[in-house]
Every structure is written in C-alpha cells, then in structure tokens.
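The values are calculated or read from the model by the stated rules, or taken from the named source; none is laboratory data. Just so it is clear, the model here is predicted, and its values are computed rather than measured. In this analysis, Cβ positions are derived from the backbone assuming ideal geometry, glycine residues included, and neighbour counts consider all displayed protein chains. Each accessible area value is taken on the protein alone, full model and side chains, heavy atoms only, with ligands, DNA and RNA left out. Shrake-Rupley method; radii C 1.70, N 1.55, O 1.52, S 1.80 Å.
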Amino acid sequence: MTEQTIHHHTFANGLTLLVEPMQDVQSAAFSLLVAAGSIFDPPGEEGTAALLSDLITRGAGERDSVQLMTDLDNLGLQHSEGAGHNYLNFTGATVAENLPDALRIYADMVQRPHLPEGEFDAARLGLEQSLRAIEDEPRQKIMIELRRRCYAAPWGFPNEGTLAGLKNITAKKVRRHFERCSRPQGTILGVAGKVDFAAMVDLVGQAFGSWKEKSEPEFSTGSRGLACDHINHDSTQTQIGIAYDSVPYCDPDYYAAWAAVGVLSGGMSSRLFTEVREKRGLCYAVYATLHGFKDQGRVLCYAGTTNERAQETLDVTLRELARVADGIEEPELERCKARAKSSLIMQQESSSSRATSITRDWYHLGRVTTLNEVRREIESLTVGRVLDHVHRHPARDFTVLTLGPKPLEVPRDLS
Amino acid sequence: MIFREIRLDNGLQVIGEQSPHVYSVALGFFVRTGARDETDAVSGVSHFLEHMVFKGTDRHSPEDVNRVFDEVGAKYNASTGEETTLFYAAVLPEYIPQTCDLLADILRPALRDEDFNMEKKVILEEIGMYDDQPTFVVFERLMQKHFAGHPLGRSILGSNASITALTAEQMRAYHRDRYLAGNITLAVAGNFEWNDVVELARKHCGDWPSGECPRAMPPAHPPGGLEVITRTTSQQQHLMQMAPAPSAQNPLRYAAELLTVIVGDETGSRIFWELVDPGHVETAELGFNEFDGTGSYLAHISCTPEETSANVRRMQAIYDDINAHGVTEEELTQAKNKVSSRIVLRSERPMGRLASLGHNWIARREYRTVENDLTTLRSLTTADIRRLLDAYPLGAVTQATVGPLTSL
C-alpha cells in the first residue's frame with residue numbers, strides 16, 4: 001500500500017486543518033467538525049443543536065437561504081449537515097476545482113449565519129416530523145432507545161433531539177446555542193482528494209483565520225435509562241437491542257476489541273449471522289457493532305424477528321455473545337484481517353471516506369493514523385491478544401431492550 | 001478507461017471496463033430475470049432464489065460460500081429487482097481468480113431441500129420486517145396498483161402465502177429456465193487484466209447451458225386511482241405518486257433524469273422550496289425509474305396526516321406549472337452541475353461503475369463512458385425538457401398512502 005502523506009496545520013485561533021492529497025481521484029471532499037453538538041443542548045431543550053444544523057443553512061454572510069443553496073448546487077456539492085454528540089458535522093464532496101468556493105460558503109455558515117427568526121417555525125416543523133418518522137421505523141427506533149439506556153446523559157441522548165425537548169426551544173435559544181458553542185478551538189477541518197496542502201492552508205487561513213475564540217461551553221451530565229426494558233409496539237416483528245461495555249477508539253486495546261466484534265459480526269461467515277440466521281433461520285437482520293465516544297465504548301447488537309420466535313432469537317444471540325470468551329479459531333481472526341485489509345486499500349479510492357477518517361482520527365487521537373499503520377496494527381493481532389481483551393471486557397452486564405407487542409424474558413444471570 | 005466485450009460460445013456475455021488507476025475490482029453477474037418474469041404460482045421466487053444461491057453447490061457447502069468470500073476480504077452481496085438479479089463482489093485484484101470461481105459456481109446452486117426449508121424462514125422474516133416499514137408497504141402497493149395487469153405489478157418479495165406454498169422443485173424449474181448463459185452478463189470494472197477474466201469466464205462458465213429467455217414487454221396502461229391503507233399506529237402519513245415516464249429504451253430518459261432533479265431533488269428543487277424548506281413535510285422527492293418497455297415518475301412524501309391533502313395540492317400545483325411552462329435556463333444549468341458532479345464522484349470507485357456498466361449492457365447492449373454521460377447531459381436543452389413533458393407530463397396518475405388517514 002502506498003505510504004500516504006497527511007499534513008496538518010493548527011491556526012492561531014485553534015482550528016486544525018488536515019489535508020490528505022490523493023493522486024488518483026478527480027474529486028475533493030471535506031469533513032468539518034464544529035464543537036457545538038447535542039451534548040451542549042440545555043437540559044429539557046434536546047434538539048437545539050439539531051435545529052441549529054438546519055437553520056445554519058438558511059442564509060449566511062452575503063447569501064440568503066435560496067442563494068446559498070443554489071450556489072452549493074451549482075458547485076455540484078454533495079453535502080450533509082447534522083448534529084452529532086460533540087460536534088455539528090458538515091460533509092461535502094465535489095469535483096476538486098469547486099472545493100475552495102464550497103469551503104468559503106461553509107466558513108460563512110459557521111461564523112456568520114443569519115439564523116433567520118422568520119424561518120424558525122419551518123425548521124422546527126421539519127425536525128418534529130423527522131422525529132415522528134423515526135417512530136414509524138422500528139429498526140431505527142430500537143437503536144436510538146438502546147443508546148439512551150446504555151450511556152448516561154448527555155451521551156445517550158439522541159443527537160436529533162426529542163419531541164418533548166423541541167417544544168421548549170425558541171429561535172433565540174438556537175441563536176444562544178450558536179453564540180455560546182460555535183468557536184474555532186477544537187474545530188477540525190479534514191480535506192482529502194486532488195488538493196494541494198499549501199494552497200489549502202492559504203485558503204483556510206483567509207476563510208477561517210479571523211474567527212474569534214470563545215470560552216469552552218459547559219454541559220451537564222445525567223443518568224442512563226433502565227438496563228432491562230421493553231417498549232410496547234404493535235408490529236409484525238419484535239426488535240431486540242443488546243449492549244455491553246467495550247473500549248473507545250483511543251484505547252490501546254481498540255483493535256483487539258474490533259476483532260472480537262468482527263468474529264461476531266464481520267462478514268457473513270461470522271458467528272451471529274451463521275448461528276442466528278443461517279443455521280436457525282430466526283431473522284433476516286442481525287449484527288453487532290463497536291460504538292463509542294472519546295472515553296467510552298460499547299458493543300451494540302441488533303436482531304429483528306417475528307414475535308413468536310423472538311425469545312429464541314434473544315437466547316441464541318446472548319449465548320453467542322458470551323461464547324466468544326470460550327475461544328476464537330485462528331481462521332476466524334484471519335478472515336477479519338482479510339476484510340480489514342481490503343477495506344483499507346479501497347478507502348484510497350474515496351476522497352469522502354478519507355476526509356471523514358482523518359477528521360475522526362484527529363478528534364479521538366490528536367493525530368492521524370496512516371492506512372499502513374492501521375494495517376500493521378491489524379496484522380499484529382493474535383488470537384491470544386483478542387481473547388485477553390475479551391476476558392478483560394467480557395460480554396456481560398447486558399443492557400437489553402425489546403420493542404414489540406410483548407416483553408421477553410431476559411435471563412437473570414446475564415443482565 | 002478501456003472497454004472490452006466478448007460473447008462465449010454458450011451465449012454468456014462478458015464485458016469489462018479497465019481503470020488501471022484504481023485499487024480494486026468489482027465483478028457482477030447480471031441475470032436478466034426478476035419479479036416481472038414470474039407467474040402467480042411462483043411469486044417471489046426470483047428473490048428467494050437469490051438467497052438460495054448463497055446456500056452453495058456440490059463443491060461449496062453453505063458455510064464455505066460465506067467463508068471463502070470473507071477469506072478474500074470481499075465486499076459482496078446480491079439484489080433482486082423487477083428486472084434484474086445481481087450477484088456482485090468487490091475485491092483486491094489478486095483475488096479475482098478465487099472470486100470469479102466462487103461467484104460462477106454458486107450461480108449453479110444445489111438447491112437442497114433442507115436449505116430451502118431453512119431459508120424459507122428467513123424470507124418470511126424479511127417479509128415481516130418490511131411489513132413494519134410504511135415506506136416499503138406504500139411503494140409495493142403503489143407498484144401493484146399502477147401496473148395492475150402488467151408484469152411490473154408483481155411483488156419482488158412475494159407474499160406470506162406464495163412463499164409458504166413455493167416448493168424447491170418449482171424453484172429448480174425456474175432456475176433451469178432463467179439462468180441460461182444467454183440471459184446472463186458478467187461485468188467487470190476496475191483494475192484487472194482482460195485476458196485473465198475471459199479465461200476465468202471460459203473455465204468456470206463455459207459449460208453453462210446456452211439459451212435465451214424472451215421477456216414479455218407489453219405496454220403499460222395504468223388505470224390510475226388512489227389506495228388508502230389505514231394504519232392507526234403510524235405517526236406520519238406516507239404517500240407515493242406515480243405517472244408514466246420514458247422507458248429504458250427511450251432517448252427521452254436523459255431529460256427525465258434531469259427534470260426530476262429540477263423538480264424533486266432532495267435539496268434546491270421546486271419541491272424542496274415549496275414543501276421541505278417551509279416544513280410542510282418531513283420528506284418530499286421526485287425520482288424517475290426506467291424499465292424495459294416502460295418507465296415511471298415516482299414521488300414520495302412523508303408528512304403529518306393533517307397536512308397531507310394540502311401537500312398533495314402543493315405537488316399538483318408544481319406539476320401543473322412545470323407541465324404548462326417547462327423549466328428555466330437557470331434551473332437546467334443548476335441541475336446539470338449537480339448531476340455532472342454526482343456522475344464523477346460515483347465513477348471513482350469500481351463498485352460505482354459496475355452498476356451502470358451492467359445496466360447499460362443488459363437494457364440496451366450499449367457501453368457508455370463517463371465522458372459520454374457528461375456530454376449527453378451537457379447537450380440537453382429546455383426544448384428537450386419541453387419535448388419530454390409533452391410526451392410524459394408530470395402527474396399523480398396513481399397514488400397510494402399508508403398512515404392514520406382513512407381517506408384522502
């Protein structure tokens with residue numbers, strides 16, 4: 001794999017620029033993280049950051065709402081804006097020559113948004129409907145509710161807000177959130193594709209360099225939901241969500257944790273797919289994934305199954321999660337490594353995945369890992385190391401949430 | 001990029017687009033069969049068979065299939081639509097031989113009774129899963145209503161009843177009739193050697209039975225109308241609308257793609273400014289689907305039950321205005337800029353190229369470079385859009401809705 005050159009530059013106001021030039025693509029992509037995410041939503045006003053991420057697109061600098069959207073369209077920018085927990089997330093990709101103009105528009109959006117009061121109701125109505133639409137998508141709903149029960153607030157809170165919180169938010173409160181949180185310190189801008197580092201430093205310096213620093217906003221913490229819970233829902237299938245503790249991305253044990261989850265759910269030869277779906281035909285969708293924040297991580301697991309077979313699905317799934325501690329076969333680990341190797345190499349074909357990846361690395365690690373470094377980490381894994389990790393962080397003390405017509409029995413010794 | 005194609009003696013078509021500057025390769029077997037080629041007695045068999053292909057052959061047990069794909073680090077899957085069943089894998093170039101061997105082998109599946117009965121449970125679970133998703137329910141009902149009496153009105157998944165009644169013998173017969181070499185295209189995109197791929201195709205597919213499968217392509221005559229499916233447990237009202245549009249063989253399809261971006265793209269479109277931006281809806285979009293011999297505009301709205309009628313009126317007002325006055329030069333330019341960039345971004349990865357490479361070939365026996373697509377796009381004028389609208393006006397010919405409402 002070719003060795004990448006990944007540049008970084010931190011400006012005097014605290015904004016960090018990361019640039020990964022890619023030779024073989026015509027595109028360029030960016031990922032911009034501004035530390036004004038949903039953890040800063042005032043208690044009882046969950047949804048403030050999500051509303052800000054909508055209103056921030058409705059005019060900025062010298063452009064009104066229509067002009068801003070039209071200009072982004074004419075630049076051919078494929079983009080998204082949304083609230084994450086720590087950050088407002090902005091991503092975009094287009095042909096490389098259009099990226100500088102797109103970035104200038106985003107510089108206006110995060111520093112000089114109009115946040116028009118006249119459009120507040122429209123933004124609120126849109127968000128309210130998105131939250132209601134989640135109620136109609138049980139597969140999405142179960143995982144949002146599972147996170148509320150396995151992480152303490154504000155980490156467990158849905159970053160898209162809640163219907164209850166939304167009622168208490170006003171246009172002025174959204175503006176206050178922006179004024180309090182949107183700041184250059186901690187902001188990370190990752191750019192990847194057919195770009196030149198020196199030119200990007202100049203451009204970003206001009207566009208973001210005069211952004212004034214602010215003091216660090218505070219956020220309040222709270223508790224988590226019930227470890228064993230059920231939500232009544234009149235549906236054909238029962239949704240099952242299971243969580244247990246693991247490690248975050250910055251942990252030295254991260255790659256071992258990743259492999260342990262890979263044995264369970266990385267590819268169709270993995271254990272959950274084989275045991276729950278292939279051998280027993282209990283469900284169509286079953287998976288486990290490693291999820292985390294800067295200082296904590298969980299394994300989140302999902303299965304959806306018809307109501308009559310839900311109990312068996314839960315029992316078999318829990319048994320498979322616990323069984324990893326009994327041993328891992330060498331070929332299981334080898335398959336995880338093979339999958340990782342091909343995804344790492346394929347990442348080099350996508351400016352968007354590289355932009356997202358370098359930005360995420362900087363946030364979690366304060367540095368960027370090259371693809372070769374990741375590959376060496378993965379190749380150095382042994383069954384012994386993965387099992388040591390599993391023994392230190394066994395699958396137990398589960399959070400179990402079900403959504404369907406009736407609750408299931410969660411074995412006492414497991415939860 | 002270099003394009004090559006060859007037809008093997010048994011009729012299997014092999015096509016390849018080489019891009020030496022990418023790191024991976026995508027391979028896909030496009031079988032020209034889907035829900036529209038079924039009969040009532042075997043409704044859902046194409047999709048069920050797609051699952052059964054992964055249950056192995058005499059050489060590969062079900063576990064072997066998944067294991068070997070994972071051993072080579074493949075990103076692989078399959079999909080079944082109205083017209084095509086696709087089996088694909090993206091891998092690093094060094095794994096082309098194993099991947100080609102496995103993909104080709106599983107296309108002649110053992111279809112063992114025991115595996116069939118087990119996988120039937122998974123299919124019934126999949127039907128259950130979609131039944132809980134209102135957007136899926138509304139789409140399926142709309143297709144059935146819009147294409148009533150036409151092969152495109154058939155369900156891809158089938159029903160609980162049709163899947164329960166289906167036998168392994170019926171599936172074997174369907175496979176025997178439809179998975180003939182002349183009905184299959186192997187498409188390869190990315191970093192590979194053409195001669196190697198041809199040799200692998202000869203070795204692994206050369207003994208497949210020859211033959212082609214005619215497809216009935218009757219014209220569609222949508223009777224139109226409205227279907228309301230009441231679900232009081234639903235929070236939002238989900239509504240879809242359909243109207244006739246150009247077919248996969250009609251040159252007006254390029255204008256149709258651009259028109260739907262102008263009218264109903266996710267951002268910056270007429271529908272965006274009239275419905276999404278003011279908060280009247282959660283989602284509202286208009287798209288275009290081309291099929292063999294026919295096509296359709298498809299609009300989708302998700303909104304509160306109370307606002308639904310007003311939103312239907314807002315959509316109709318947009319359709320009426322566009323049908324009467326066409327689109328502006330500014331709108332056309334903006335849509336071209338958006339679509340050009342999308343084409344370039346999508347084409348950077350072999351998996352992104354595979355879909356259009358295979359589809360162009362099976363729908364039209366045609367190869368188009370990215371540059372061909374961009375040139376066609378740039379050449380379109382407001383007069384082309386006018387010609388399209390005269391032949392295929394926008395409208396809500398057929399509608400279906402799922403949600404709390406009992407009428408609309």
Each residue of region A:9-22 in order: what ³J(HN,Hα) in whole Hz does its phi give by Karplus 6.51 cos²θ - 1.76 cosθ + 1.60, θ = phi - 60°, with x for Gly and Pro?
8, 9, 7, 4, 7, x, 6, 9, 10, 10, 9, 10, x, 10
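Explain nothing, just the number: dipole magnitude of region A:32-160 about its Cα centre with +1 on each Lys and Arg Cβ and -1 on each Asp and Glu Cβ, in debye rounded to the nearest 20.
With only Lys, Arg, Asp and Glu charged at Cβ, the dipole is about 520 debye.
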For B:F291, residues with placed amide H under 5 Å, excluding near neighbours
B:A248, B:S296
Per-residue ellipticity at 222 nm attributable to helices in chain A (runs of n ≥ 4 DSSP H, -39500 (n - 2.57) apiece, nearest 500 deg cm²/dmol) works out to -12500 deg cm²/dmol
Per-residue ellipticity at 222 nm attributable to helices in chain B (runs of n ≥ 4 DSSP H, -39500 (n - 2.57) apiece, nearest 500 deg cm²/dmol) works out to -13500 deg cm²/dmol
What percentages make up the Cα-Cα pair-distance distribution of region A:312-415 when the bins are 5 Å wide from 0?
2, 10, 15, 14, 14, 14, 15, 11, 6, 1
For region B:49-57, what does the Karplus curve 6.51 cos²θ - 1.76 cosθ + 1.60, with θ = phi - 60°, yield as ³J(HN,Hα) per residue in whole Hz, taken in order and with x for Gly and Pro?
4, 4, 5, 5, 4, 7, 8, x, 9
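For B:L345, A:L77, give me the order by solvent-accessible area with a 1.4 Å probe, most accessible first, ignoring ligands, DNA and RNA.
B:L345, A:L77
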Using amide H atoms built in the peptide plane, which far-off residues or other-chain residues are under 5 Å from A:T162 H to H?
A:E46, A:G47
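Just to be sure I understand: if you take the accessible area of chain A alone plus chain B alone and subtract the pair, with a 1.4 Å probe, what total do you get in Å², rounded to 100?
Buried area (both sides, nearest 100 Å²): 5400 Å².
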So for the pair A:K406, A:T289, with labels modelled 7 Å out along Cα→Cβ, what separation do we get in nm?
3.2 nm
Report, to the nearest whole %, how much of the accessible area of the protein assembly as shown belongs to carbon and sulfur atoms, 1.4 Å probe, protein only.
49 percent
Can you tell me which of B:208-219, A:388-399, B:141-152, B:80-91 comes out highest on packing, and rank the rest after it, using the mean Cβ neighbours within 10 Å?
B:80-91, B:141-152, A:388-399, B:208-219
Cross-link reach from B:K336 to lysines, straight Cα distance under 24 Å and at least 8 residues apart if same chain, gives A:K194
Against the rule of thumb 2.2 N^0.38 Å, how large the Cα Rg of chain B comes out
1.03
Tell me, how many Å apart are the Cα centres for region A:86-158 and for region A:286-328?
28 Å
Scalar couplings 3J(HN,Hα) for region A:106-119 by Karplus 6.51 cos²θ - 1.76 cosθ + 1.60 (θ = phi - 60°), nearest whole Hz, x for Gly and Pro, are 5, 4, 5, 4, 8, 10, 9, x, 7, 6, x, 4, x, 9
Just reorder A:C250, A:C150 by solvent-accessible area, largest first, 1.4 Å probe, all chains present.
A:C250, A:C150
Pairs beyond 25 Å (Cα-Cα), from A:K141/A:K173; A:K173/A:K212; B:K55/B:K121; B:K55/B:K145; B:K75/B:K338:
A:K141/A:K173; B:K55/B:K145; B:K75/B:K338
Mind ordering A:120-126, B:325-331 by average Cβ neighbours within 10 Å, highest first?
A:120-126, B:325-331
Listed pairs A:K279/B:K120; A:K167/A:K294; A:K279/A:K341; A:K214/A:K294 exceeding 20 Å between Cα atoms
A:K167/A:K294; A:K279/A:K341; A:K214/A:K294
Using a ≥ b ≥ c from the Cα gyration tensor of region B:1-100 (square roots of the eigenvalues), is it rounded, prolate or oblate, where a/c under 1.5 gives rounded and otherwise the larger of a/b and b/c decides, a/b for prolate?
oblate
Roughly how many Å is it from the Cα centre of region B:87-147 to that of region B:240-269, as a whole number?
28 Å
For region B:166-284, with the dipole built from +1 on Lys and Arg beta-carbon atoms and -1 on Asp and Glu ones, taken about the Cα centre, which of B:G182, B:G211, B:V281 lies farthest toward the positive end?
B:G211
Checked chain A with the C-alpha gyration tensor, a ≥ b ≥ c its square-rooted eigenvalues, rounded below a/c of 1.5, otherwise prolate if a/b is larger than b/c and oblate if not; verdict oblate
Considering every residue in B:133-144, what mean count of other chain Cβ atoms within 10 Å of its Cβ is obtained?
1
Hey, got the average number of other protein chain Cβ atoms within 10 angstrom for residues in A:274-287?
4
For region B:52-85, residues shielded by at least 20 square angstrom of accessible area compared with the chain on its own, probe 1.4 Å
B:K55, B:E63, B:N66, B:R67, B:D70, B:E71, B:G73, B:K75, B:Y76
With every protein chain kept in place and a 1.4 Å probe, the residues A:M200, B:M118 fall, from largest accessible area down, as B:M118, A:M200
Among rounded, prolate and oblate, which fits the protein assembly as shown when a ≥ b ≥ c are the square roots of the eigenvalues of its C-alpha gyration tensor, a/c under 1.5 means rounded, and a/b larger than b/c means prolate?
rounded
Within 10 Å of each Cβ in A:121-132, the average number of Cβ atoms from other chains:
5
